[in-house]
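Participant: Pasting in a structure now, in structure tokens, and then I'll have a few things to ask.
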Amino acid sequence: MKTEIHNRPRLLWLGKGRYELLNDLEYSVNGEKLKVKKGFVTDFTSVPRFLHWLFSRNSLQSRASVIHDNLYATGVRSRKDSDIFFKNLLRNDYATFLTRILMFSGVRIFGARRYKG
């Protein structure tokens with residue numbers, strides 16, 4: 001599965017760990033062009049506080065988190081496909097192997113209650 005993110009998100013901090021997307025975030029999966037629309041609100045990755053040092057919200061991986069949050073909120077893809085997209089997007093954004101495995105495992109184990117599909 002080929003995934004690619006085409007631009008960087010501009011974000012406005014809303015408080016309490018939430019951010020609003022100020023521009024469309026464009027990406028593609030297997031050549032299909034998709035986007036997260038301006039105005040979408042994200043909390044990035046829901047990570048326990050004691051692991052915040054490992055998963056920075058200011059990293060490139062935040063792009064993958066915004067897209068994953070949007071896929072979960074809209075349910076346009078299955079939960080499993082959304083999680084696989086997330087893992088591939090993390091790889092494209094140069095997340096380390098350990099980061100990819102931990103984040104992917106986290107969404108597979110704990111993500112069901114957040115998925116709206």
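Participant: May I ask you to say which residue of Lys16, Lys2 is more than 22 Å from Ala112 (Cβ to Cβ), loosely packed, with under 14 Cβ neighbours inside 10 Å, modelled with pLDDT under 90 and touching a Gly at 6+ places or on another chain (Cβ under 9 Å)?
Facilitator: Details: Lys16 fails: touching a Gly at 6+ places or on another chain (Cβ under 9 Å).
From the options Lys16, Lys2, the qualifying one is Lys2.
Participant: I'd like to verify a number: residues in region 66-106 that are at pLDDT below 90 and either within 14 Å of Asp43 (Cα to Cα) or surrounded by fewer than 19 Cβ atoms within 10 Å (Cβ to Cβ) (or both), how many?
Facilitator: Residues in region 66-106 being at pLDDT below 90 and either within 14 Å of Asp43 (Cα to Cα) or surrounded by fewer than 19 Cβ atoms within 10 Å (Cβ to Cβ) (or both): 9 in total.
Participant: Could you give me the residue pairs with C-beta distances under 8 Å whose first residue belongs to region 82-104 and is closer than 18 Å to Gly117 by Cβ, whose second residue is hydroxyl-bearing (Ser, Thr, Tyr) and part of a loop (DSSP other than H, G, I, E, B) wherever it lies, and which are 6+ apart or on separate chains?
Facilitator: Close Cβ pairs (under 8 Å, with a partner that is hydroxyl-bearing (Ser, Thr, Tyr) and part of a loop (DSSP other than H, G, I, E, B)) amount to Ser82/Tyr115.
The values are calculated or read from the model by the stated rules, or taken from the named source; none is laboratory data. Model, not experiment: these values are computed from the prediction. Note that we place each Cβ from the backbone using ideal geometry, even for glycine, and neighbour counts take in every protein chain shown.
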